[in-house]
Amino acid sequence: MIVLRNIASSTDMRRLAYPILILSFVCFVSSCKKTEDVSKPEIQILCESGYICENAILGPGEDVELKFSYSANGAPVTCFSQRLFSESSTTVVDSGIYAENGTFIVRISKSLVLLEKWEFFVRDRNGNNSDTIKIELHLDTAAQFGQITRIGSATLGAQTSTTAGSFFGISSATVYDAQQAFQNQTQINLVYYYDFITSDANTIASPGANIDTSVFSGQYNLPNWTTLNTTRFVQTSVAENDFLSATHDSIILANGFVFASGKRKAKNLTAGDVYAFDNEVNTGLFLVRQVSGTGDGSITIELIYR
Amino acid sequence: MNRNITHRILWGLLFVLLLIVARSASSQTVSIPVFVSDSITHKKIANAHIRIDKTRIASISDENGIALFNIPPIFPLGLICSHVGYDTKVIRLSGYSVDTLHIELSPANISIPEILVTATRTERTNISLPNRTEVITSEQIESMPATNADDLLRLVPGIYITRSWGIFSRNASINMRGLNSSADILILLDGAPMNKTAGGSVNWHMINSADIERIEVVKGPVSALYGGNAMAGVVNMITKKPVNILGGYAEMSVGQYGTYDAGFSLGKSHVRNNKGFWWNLKGRFRTGNGYILQPDYLKTMNDTTLFIREYSGGIAVGYQFSPKSKISIITSGYSDIRGQGTKIYDPDGNPEENFTLHTIARYDYSFKKISVSANAFLHNEKYLKISESLNSFNEYRLYDTETDNGDLGGSVIATYLTGKTNKLSLGAEYRTGSEYGTDIYFTSTDELEYQGNLSVISFFAQDETALLKGKLNLVTGLRYDAGWFTNGSLLLNNPSIVNYIDENVLGDLPESSWNRITPRIGVRVPLKKTISVYANYGHGFMPPKIDDMVRSGKIRKGNKEANPNLQPEILEHTEIGAEYTHRKISISLSGYYSTGRNFQYLIGTGDTILSGSGELKEILKKENIALLEVKGVELGMKALVAKPIIITASMGLNYSEIKEFDTPEGYTTDLTGKFLNETPVIRAGAGIQYQHRRFSLFLTWEYTGEQWADEENLTTIDPIMLFNGKISVPVRDRWKLSLDINNLLDKPFIDKKGYLSPGRFIYATIRYTFPG
């Protein structure tokens, strides 16, 4: 019995083999996606009660909070970055951390700028940035400005003054001496002293500003406190007349700043200086009416806040 | 920790293997008694040192003046017999032809003229040089207390070494003759420069004292011969070369603070009848857990012990083509990781890592009256530092610094003997250095990137003449250097409030160039057989460092701004000196006066920036603005008190004052009338060396006077007095036990940064040296 080979079939197979091989190769190559060779950390904005998680329209001075969660992916997270892009400026605030995961709360007080573009991301130990979360805050131009509280005159004494206390509580509008301040730590927002050490002269700071321990002394000295409120400051170009004639908070909002970008001390104060302040409860301005002396000197300020 | 144990086991096994090799290499020897006596009194001499030339086979005579010597069959050989207070004698042996060998030694001067190569780049005796020179011999290197190579320089008059943390220090700072920068001294290893163009500093950790044959120190500017960095002087370390039988050493050490050390060297010369090759291998590993830098009253939870892990190795090969022609290539590698004593979050705390590769190639050729030497070198260093900090507000900062520095260069020098007593040398050199670095922040988005190149081309000439029938030795020299700075750039990506850099220094940095002509003239006159005097005048210069020209960023004082227009510092120097040598004592005295121009200072620009913590920080910049005056006196003495006891003493006095401070407009600093910081007025040292039959002892004392800690002369560093010691005990033929004790009296001191020194540090070593 003679068996004839199906030559035509085998030839067909050979003919098909090469195209199949080529096609397979093409499929193989095209299926190879360039894998992400960077493991980056993750960030999410949380939509929880009391927090916003999307674009919003806010009235001037309206306060909102945003809550984020972050997590590492191969390396600890080392930075939470928040950036504000407005019409005329960019503000960058980076907070150093070292954690595998965590949450971060950002408090924003809407400024007078029509549109605020906020960006948030985290960075890890390998220098990889997460995706960026973007939030836009629009100004509600129909909203009314808010009321302000004015403290007409507050006189504080420097560290060795025997006529006036060095500590001030904004909410209570009260000047405290060292002992009183120690007993009312949660009330204290401002501290006045004369700085001989760094030539900052007449200075207003706050308990959390790391004031040199040699400035004050005694058992009520700041290192012995358990509550250290922090107030931050930015010098403004507000004219004295504009400050004195303000009736609502537009002047405060116009001179607002991102809390973490403010300075911990207002230094070399002279009469006529106007500083914006923020203690994460109240934002406002103070005007220096009078300042004199050194370690036993005094300062008189007028404050408005919202 | 497991890695550490594994390393120790591996090194221990290697040590044992080397011992086995060594033992088999030393099996075929014949024992011959050698009797040593005084040629005049004929009395027996105990503790005489007998060594076979070009090997490490050695023995010491006992109280009867007899040493039983194991001589291998490598005839003809030279037997070298020496003892303190006697001329060294060399006996040639052609075979095992004697039952007892009798060697008579003649009493000699304590100071034997040494042949030096560094002061003139030609061979000259130290007594003919118009410079103050010092030689640290192999015998001193072997017996001195030293846990680091730079410790060997501690008794040299005029040298001040800062190494506050001992072996745990990041590096050593070596100052000479009233100048306060390590970059002012040129450090050579086998003739090739170790100073980096990027920062001027030298990595002393990669130099192992056990591998050094000798150290030559030339004081005063030698820039007319060596160019940049040789402003205060030159230190040339010459490494050991193998001999004609397989030999080397293996050693292990243990020290305080969990310190372990193991090293070896193995080599052989196959050169026969001035032809053949030689090779040498070496390696070393050292680890230590360290101690806490902060004094007890300042310790915080973030303070942790320093630690070190070092690895080094090298290979050297050479070939002798003929008696007049030879080539050699030496490559050394070094890697370390060192903790900095703090740890906040990062697993290793704030470590610094370093990887360095250093290669030298050299070719020597001589023909009739001409000798030519060509050198090439390549030095590359990769550096990584992790910086963590918590400021006073508990704000966390983390950034990494990575730099890649490279130096490449070569030189050719031809020396012509124009007469019996005259040599003319002509030379050319080229050197290029580069730096590329980044500061990457992880607690903000700042990324700083900087780079630059500095190249120098040079030509020099030197004439050495002996006039008046050798009664006047004259050396004159002239050198021209031209340097140019290129490829400079400074970029700051994604800046935040953490970093502030004036936009005028961002981007491509302007190119700059400079040139220098440095003269030199010196004369030495032997007044009598025992007294000679010398005088010299010369210039020196230190080129600007790439780091200062391209890098802006945070430093302790504030924010430093790059200055690509920096020019070299210049020193004009005049010196006179005298030397007295007699049989049992030698005394050297030098006085010098120098004026420095264009000295660089970091000064406040008048601007400030607000740091991330809300503090105002000064912006600083290095500028060439000071006129400096340096006056000094040095005294050195060496005395043979009794036959086995040698005393050395040194003292240096110098005053370094800023005479003019040319403050640029807008800048705020003026340091006129201030004294250089970190430059003690008084520096003294002494050493007692005692050679007993069964052991050798070396005790040293160092005194560093009060010095200014800062440029404004507001704070001082208290005087420091230290006693160190080393005792070595030879055991059998080739074993040696030694004990190094730094700071014998355990007096820790606080350094200029407020950190604690380690106090007493004990280091025990066992070493096996085998033939070769």
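What follows is calculated from the coordinates using simple rules that are stated; it is not laboratory data. Please read all numbers here as calculations on a predicted model, not as lab measurements. Here the Cβ positions follow ideal geometry from the backbone for every residue, glycine too, while neighbour counts run over all protein chains shown.
What pairs in B:LYS622/B:LYS674; B:LYS631/B:LYS674; B:LYS638/B:LYS747 have C-alpha atoms more than 23 Å from each other? The partial results should precede the final answer.
Working: B:LYS622/B:LYS674 17 Å; B:LYS631/B:LYS674 14 Å; B:LYS638/B:LYS747 28 Å.
Among B:LYS622/B:LYS674; B:LYS631/B:LYS674; B:LYS638/B:LYS747, the Cα-Cα distance tops 23 Å for B:LYS638/B:LYS747.
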* Are there trypsin sites (Lys or Arg not before Pro) in segment B:344-418 that DSSP puts in a loop and that have at most 15 other Cβ atoms within 10 Å, and which ones? -> B:LYS368, B:LYS369
* Treat the count of other C-beta atoms within 10 Å as a stand-in for reagent exposure and order B:TRP204, B:TRP701 from fewest to most. => B:TRP701, B:TRP204
* **In sequence order, calculated HN-Hα J values of segment B:720-727 (Karplus, 6.51, -1.76, 1.60; Hz; x Gly/Pro)** => 10, 10, 10, 10, 10, x, 9, 10
* Could you list B:LEU739, B:LEU602, B:LEU620 in order of exposure, starting from the residue whose Cβ has the fewest other Cβ atoms within 10 Å? => B:LEU739, B:LEU602, B:LEU620
* Structure fact -> The set of residues whose placed amide H lies less than 5 Å from the amide H of B:SER552, leaving out same-chain residues fewer than 5 positions away, is B:ALA562
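Which FRET efficiency, nearest 0.05, do B:ALA535 and B:LYS368 yield, Cβ-Cβ r, R0 51 Å? Before the final figure, lay out each step's value.
Details: r = 34 Å, r/R0 = 0.66.
With a Förster radius of 51 Å, E is 0.90.
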* Could you tell me which of the pairs B:LYS382/B:LYS736; B:LYS369/B:LYS528; B:LYS423/B:LYS469; B:LYS89/B:LYS240 are separated by over 27 angstrom between their Cα atoms in the structure shown? => B:LYS382/B:LYS736; B:LYS369/B:LYS528
* Asked: Under the classification rounded if a/c is under 1.5, otherwise prolate if a/b is larger than b/c and oblate if not, where does chain A fall, given a ≥ b ≥ c as square roots of the Cα gyration tensor eigenvalues?
  -> prolate
* Asked: Per-residue ellipticity at 222 nm for chain A, helices alone: DSSP H runs ≥ 4 residues times -39500 (n - 2.57), over residue total, nearest 500 deg cm²/dmol?
  -> -4000 deg cm²/dmol
* Two-site FRET efficiency, B:MET721 against B:ILE645, from Cβ-Cβ distance with R₀ of 25 Å, rounded to 0.05 -> 0.65
* Around A:GLU240, with a cut-off of 10 angstrom between Cβ atoms, what is the net charge of the other residues, counting Lys and Arg +1 and Asp and Glu -1? -> -2
* Asked: Cα axis of helix B:2-25 to longest principal axis of chain B: angle in degrees, 0 to 90, nearest 10?
  -> 20
* Asked: Using modelled amide H (1.01 Å from N, peptide plane; none on Pro or chain starts), what sits under 5 Å from the amide H of B:ASN195, excluding residues fewer than 5 places away?
  -> B:ILE187
* To do: Taking the Cα atoms of segment B:238-770, report the difference between the largest and smallest coordinate on each principal axis, in whole Å and largest first.
  => 71, 53, 46
* Asked: Where does chain B land at 222 nm, in deg cm²/dmol rounded to the nearest 500, when only DSSP H runs of n ≥ 4 count, each adding -39500 (n - 2.57), divided by all residues?
  -> -1500 deg cm²/dmol
* Cross-link partners among lysines for B:LYS621, C-alpha distance below 18 Å, same-chain residues fewer than 8 apart left out? -> B:LYS545, B:LYS554, B:LYS557, B:LYS560
* For segment A:271-279, Karplus couplings with θ = phi - 60° (6.51, -1.76, 1.60), whole Hz, Gly/Pro x -> 4, x, 5, 10, 10, 7, 9, 8, 10
* Asked: Which shape class, rounded, prolate or oblate, goes with segment B:660-717 when its Cα gyration tensor gives a ≥ b ≥ c as root eigenvalues, a/c under 1.5 marks rounded, and past that a/b bigger than b/c marks prolate?
  -> prolate
* Asked: Sorted from fewest to most neighbouring beta carbons within 10 Å, what does the list B:ARG732, A:ARG150, B:ARG132 look like?
  -> B:ARG732, A:ARG150, B:ARG132
* To do: Can you check what the net charge comes to around B:SER366, using other residues whose Cβ is under 11 Å from the Cβ of B:SER366 (Lys, Arg +1; Asp, Glu -1)?
  => +3
* Asked: Please state the equivalent ellipsoid semi-axes for the protein assembly as shown: what are the square roots of 5 times the Cα gyration tensor eigenvalues, largest first, in whole Å?
  -> 65, 40, 29
* Asked: By how many degrees, between 0 and 90 and to the nearest 10, does the Cα long axis of helix A:7-31 differ from the longest principal axis of chain A?
  -> 0
* To do: Please count, across chain A, the pairs of lysine residues with Cα atoms under 21 Å apart that sit 8 or more places apart or on different chains.
  => 8
* Structure fact -> 1/(1 + (r/R0)^6) with r = Cβ-Cβ of B:LYS557 and B:GLU449, R0 = 30 Å, i.e. FRET efficiency to nearest 0.05, evaluates to 0.85
* Which shape class applies to segment A:248-306: rounded if a/c is under 1.5, otherwise prolate when a/b exceeds b/c and oblate if not, where a ≥ b ≥ c are the square roots of the Cα gyration tensor eigenvalues? -> prolate
* **Amide H partners (placed H, <5 Å) of B:THR669, local residues excluded** => B:GLY604
* Structure fact -> The Kirkwood hydrodynamic radius of segment B:627-772, taken as the inverse of the mean 1/r over all distinct Cα pairs, in Å, comes to 18.6
* **Counted charge near B:THR679, where neighbours are those whose Cβ lies closer than 14 Å (Asp, Glu -1; Lys, Arg +1)** => -2
* Sticking with the crude label model, points 7 Å out along Cα→Cβ, report the distance from B:GLU511 to A:ARG107 in nm, one decimal please. => 5.7
